[in-house]
Every structure is written in structure tokens, then in C-alpha cells.
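Since the structure comes first, as C-alpha cells, the remarks are kept for the end.
Each reported figure results from applying straightforward, stated rules to the coordinates on display, with no laboratory input. Note that the structure is a prediction, hence the values are computed from the model and not measured. Cβ coordinates were reconstructed from backbone atoms using ideal geometry, including for glycine residues, and neighbour counts include every protein chain displayed.
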Amino acid sequence: MGLMSFFKGVGEKLFNKTEKEPEEKQPELKAQALLSHIQGLGLPFKKLVVKVQADTVTLEGEVAQQIDAEKIALAVGNVEGVAMVDNNLTVAEPTPEAQFHTVESGEFLSKIAKKYYGDANKYPVIFEANKPMLTHPDKIYPGQVLRIPALD
């Protein structure tokens, strides 16, 4: 998948800005927090190494399917303080990548579905493609990056 851009100032708040740890420990703590976040969402992987350097996260390891690699990248990228994700995950069963959409102010899933599928009623496809990061179709925010899978 390679390098993906995200809005650094929006997203899930995982990092404690008042950490008492020395500066050199910060990347390790952030990497551990991101790995715990991925595990907490129940996203599957065979092997996963998360590395953090400033506001860039590098993902290495192996997943079974393309959807797993994409969801892990989005789960990490949609965290406040992350601006770039370098997704170097190896996919055991490669398939074509989904499209990605950055939510703009005033957008909702049905509007996004209309744009990509020509049918606003296809919004559940986008919702399902972004679970477990999305818990409700109305809970999206500007700057969030979403998977837009091809229709079957």
C-alpha cells in the first residue's frame, strides 16, 4: 500500500501529551499504544511491528487479506498525532486495494456513497468496510479517512 497521509490534528486520542518519560522513550510508548489500539479493535494479523518516528508510523509484518492491511493502516492513521502511515505489510492473499476518502465538513456516509457508487442507499457498504473503527453510521468526522471498497 505504501505511504498514506492523514490529518495529524484529528482522530482517536491515544497519546498522553504530558508523558513523564524521557523523549527517547516516546516513540516506543506511542508504538505500544498503537499496537494495543489495533489489538483492542480485534484487527487480525499474523505478525505486526509498529514503529514511530515523529508523526510517521511504519507498519511491518504479515496479514492474511488486503482488507486487514487497509483497516490496520486506517486504525493507526486515524489517531491524533499521526500524519503519515507507511504500510509495508505483506498480504498473504493479495487483492485489489480499496479506494480511500477523507471526510470533509458536512459529509455523511450516504453522500459519500452517492459520490462513489451513484447510490446514497449503499452507505451500509462503507459503514461495514470501516468496522470496527466506525461504531455508528452517523459518527464520522472531518479529516477521518475511510475505506471505500469496490461493490461486489
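Things to note:
- Model label sites at Ala150 and Leu41, defined 7 Å from Cα along the beta-carbon direction, differ in position by 2.3 nm.
- In the chain, the DSSP beta bridges split such that about 60 percent are antiparallel, to the nearest 5.
- Sequence of Ile72, Ile148 once ranked by neighbouring C-beta atoms within 10 Å, starting from the fewest: Ile148, Ile72
- For the range 87-152 and the range 31-64, distance of Cα centres in Å: 20
- Put simply, when 45-56, 92-103 are sorted by average Cβ atoms within 10 angstrom per residue, most first, you get 45-56, 92-103.
- A crude spin-label estimate for the pair Lys115 and Asn16, with each label 7 Å from Cα along the Cβ direction, gives 3.8 nm.
- Relative contact order of the chain, pairs being alpha-carbon contacts under 8 Å that are 6 or more residues apart, as %: 27
- Potential lengthening of the chain between Gln26 and Glu93 amounts to 20.7 nm, from the contour at 0.36 nm per residue minus the alpha-carbon distance.
- Each of Ala120, Leu89, Asn78 was scored by the projection of its Cα onto the charge dipole of the chain, and the greatest displacement toward the positive side belongs to Ala120; charges sit on the C-beta of Lys, Arg, Asp and Glu.
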